[in-house]
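Here the structure comes first, spelled out in structure tokens, and everything after it is commentary.
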Amino acid sequence: MFQLRTLICVFFSWSAYCSVNDTIEGIPSRKDILKLANEASNLLHESNFEKSFATSRLALHYALALKDNYLIAKSYNTIGANYEELSEFDKAILYYKKGLEFANLAENDTVKNWINNNLGNIYCFEKKNHKVGIPFLNQSLLFNEKSKDTTKIVYTKSNIAWAYFDINQFEKGKPYLDFVNKYSLKYGHESDLVILNMLNGMYQGHIKDYSKADLYFLKAIEIGQKTNNGVDLATSYLEYSNHLFKIEDFKKAYLYLVKYNQLIKEINNSQNIKRAKLVGINIELDEYKRKVGTITAENSLQYQNLKKSKVIVVLFIIVLCVLLLQMYTLYKNYLFKKKVNLDLTLANAELIVAKEKAIEASMLKSQFVSTISHELRTPLYGVVGITNMLLEEHKELENSPHLNSLKFSARYLLSLINDVLQINKIEENRIVLEDLTFNISDEIEMIVNSLSFIGKNHNNTIEIKLDDEIPEFLIGDKLRFSQILINLISNALKFTKDGTVTVFAKLIKTEGIKYYIEFKIKDTGVGIDKEDQNKIFDKFTQVGRKEIDYQGTGLGLPIVKKLLELFGSTITIDSKLGEGSTFTFTIAFDSDLKKTNEIINNMEVDLSSGQVFTVLIVDDNIINCMVTQKIIEKRNYKCIVVNSGKEAIKRLENASFDVVLMDINMPEMNGFEASKIIRSMGIVTPIIALTAFNKEEVIEEALSAGMNDIIVKPFESYVLFKTINQLIYKDSEPLNV
Ligand code: ADP
């Protein structure tokens, strides 16, 4: 019933807002949208709700697209007013409130004023919720005051006064009424005078000035009748009737109540017609309402989507950055790997070249080693052989320390050559210790004697301190053991002057036939610095060497260490600079009387063979021939010596021999070639290769040439006779490598 008061606000200041004409593709200009919005308001004013809805929906659609908060608020306000007009108050409030949201963003006081006013009216006069409504009206008043628009102020204040009177808060409403009384004539509309007089009547009634109240009410009714303002007139009738009822003038009160009812009936009738029309268009109207709802929903959906797509964009950017970073890292890695690969390929190529060179060098070294070994062993065979011959032929010299030293030195030199040349083999653990019976006391004494000339050079005294508990005969590799002692004692003598070198041998424990003997080689010489003590066991290491006359290879201690490893032992050193050194190690030798006797007996059997065999010696080296011949003849064997393979073949054609001792390295025809020819002639006489080569180097060729065994020069004579006996008696058993 008060909708018209509301609608008035919608029409305020159509032209109050005007701005630049922005244009976006596909969207009308701002000016056109404003036009549309105004048209929607006009249509509403004409009660053409259908068109008003359609137009305001379109205006809202464009306003949203243009993101123009003022136009959005204005469109929502029109939609809200449409709903209010159709008595759908809750929806009206909903759209007013949406409009207010955008109005606040628009910072446009006019539109804020409209919506606050509309919300105040709807809450106060339709929802009868004055508590919520009055603050909206007050808010609207603030904007009016700000714009200094007295007409609007008068209008809003009359609404506020009415709202307070409605809830019997006359004193609160009074100041507003006073203001309206003061300015309404000048600024108010004529139609508003009905309400103004009615409000004054209400107030006078409240303060019990009934005659004044009568006057005001009657004036309101008079103006109402004159201006044909049905709704306001009906309200005046009702309020006057209420007043008369309060002052107990029931007759008059009834009269005005009847008038009110009649007028309301008339108004309702006309409204019913209007409403009847509305029913007809409601179906279409619903469609527009729905569309308006859709726009709003779409808008919020768009907003949500925008938010979502913003998040997606941010995530996408982050993922992209991470991927780019990863790609960059991968690329960097790829470049790095490529470079490393290139370096490695180059390094590999270099390594391959170096390896090939190393293999070549190693082959050359092996060849060199082989040649040197042969060339050194050949004359040494002579030295050892002739020494033996001297000792055997001149029994009076048997006890000559010089001759014994010569023999021992020759043997030592030979084994040293073997060790130096075979150091690689030692490292490859290809040396197997042999079991030989020996007299430990004799062995040590022999070593000491052989080295005593070094001792004398340096004016040293050599002492041997042997534990009585040690058995006389031990079983073990006496040659390797001798090498160890020779190396250590000769070092002690070399690095000591005017001092004493003592060799200790002490039985520390026994386990069955195992006798653990601890050896100490102690000197009072120069000593070795603490930090050098570990280095001296490395190959070719010599420390603190000052003596110009000192000759050494730096191989002695490494050989000692390796040999002791073969014995399952280690060496320790205790030394102080200037005070001397002590080298200590323990070897477990076997001591088994039965085994010892067996070995000795075996040797005796071989050596005491009464058989007389005919031996053919083939060797181009005259001295070696002489040595071998002497050894053979000493056993009363018959012996023929030839100096070439060809000669040997001739001899074998014409005479028979029990065994052939064939040198390998001979000019014109070597031992292998000669043996092959001999075998091709069908001669089966055992052939033993006597060679200065290592056994492993020649074994394959010897076998394929038809040879039966190999003996490496120089050799112990009993080994030769044992081999000869075995071959003759056992009818050429397969070669035992
Ligand atoms: P070489 O004696 O042929 O030089 P070694 O391997 O036997 O080689 O010894 C290595 C080094 O250890 C020697 O050069 C010497 O400096 C030191 N050395 C060895 N034994 C002794 C010792 N008894 N007293 C002092 N120094 C020694």
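Observations
- Taking every protein chain into account, the accessible area of the range 81-165 amounts to 36 square angstrom per residue (probe 1.4 Å).
- Here each label is just a point 7 Å from Cα along the line to Cβ, and for Y254 and K535 those points are 14.2 nm apart.
- Stretch gain in nm, segment L436-I247, where the contour uses 0.36 nm per residue and the Cα spacing is subtracted: 52.5 nm
- Packing-based ranking, highest mean first, of 655-662, 251-258 given that Cβ atoms within 10 Å are counted: 655-662, 251-258
- Computed 3J(HN,Hα) for the range 502-507, one whole-Hz value per residue from the Karplus formula 6.51 cos²θ - 1.76 cosθ + 1.60 where θ = phi - 60°, is 10, 10, 9, 9, 9, 6, glycine and proline marked x.
- For the range 86-157, the set of GluC sites (Glu not before Pro) satisfying both a DSSP loop assignment and a count of at most 13 other C-beta atoms within 10 Å is given as E107.
- Under 14 Å, Cβ to Cβ, from I622 - net charge with Lys/Arg +1 and Asp/Glu -1: -3
- Projected label distance in nm at K186 and E107, using a 7 Å step from Cα toward the beta-carbon: 3.3
- In a DSSP loop and with at most 15 other Cβ atoms within 10 Å, the trypsin sites (Lys or Arg not before Pro) in the range 167-250 are K208.
- For the range 509-521, the Karplus equation 6.51 cos²θ - 1.76 cosθ + 1.60, evaluated at θ = phi - 60°, returns couplings of 6, 10, 9, x, 8, 7, 10, 8, 10, 8, 10, 10, 10 Hz by residue, with Gly and Pro reported as x.
- Sequence-distant residues sharing a close amide H with C639 (under 5 Å, placed H): V615
- Local electrostatic count at T572 - Lys and Arg +1, Asp and Glu -1, tallied over other residues with Cβ under 12 Å: 0
- Protection proxy ranking, peptides 558-564, 356-362, average beta carbon neighbours within 10 Å, highest first: 558-564, 356-362
- For the range 43-120: relative contact order, % (alpha-carbon pairs under 8 angstrom, 6 or more apart): 27
- The string of couplings for the range 619-636 from the Karplus curve (6.51, -1.76, 1.60, θ = phi - 60°) is 7, 7, 8, 4, 5, 4, 4, 4, 4, 4, 4, 4, 4, 5, 5, 4, 8, 6 Hz, one whole number per residue in order, with x for Gly and Pro.
- Remark: the K456-N269 segment gains 51.7 nm on full extension, using 0.36 nm per residue and subtracting the alpha carbon distance.
- Our estimate of slack between A347 and E700, defined as 0.36 nm per intervening residue step minus the Cα-Cα distance, is 123.2 nm.
- The mean sequence separation of alpha-carbon pairs under 8 Å and at least six residues apart, normalised by the residue count of the range 90-152, gives a relative contact order of 28 percent.
- Among the GluC sites (Glu not before Pro) within the range 182-246, those in coil by DSSP and having at most 13 neighbouring Cβ atoms inside 10 Å are E190.
The values are calculated or read from the model by the stated rules, or taken from the named source; none is laboratory data. Predicted model, so just to flag it, every value in this text is computed and none were measured. Virtual Cβ from ideal backbone geometry, glycine too; neighbours counted across all protein chains shown. Surface areas here come from the heavy atoms of the whole protein model, side chains and all, with no ligands, DNA or RNA. Shrake-Rupley method; radii C 1.70, N 1.55, O 1.52, S 1.80 Å.
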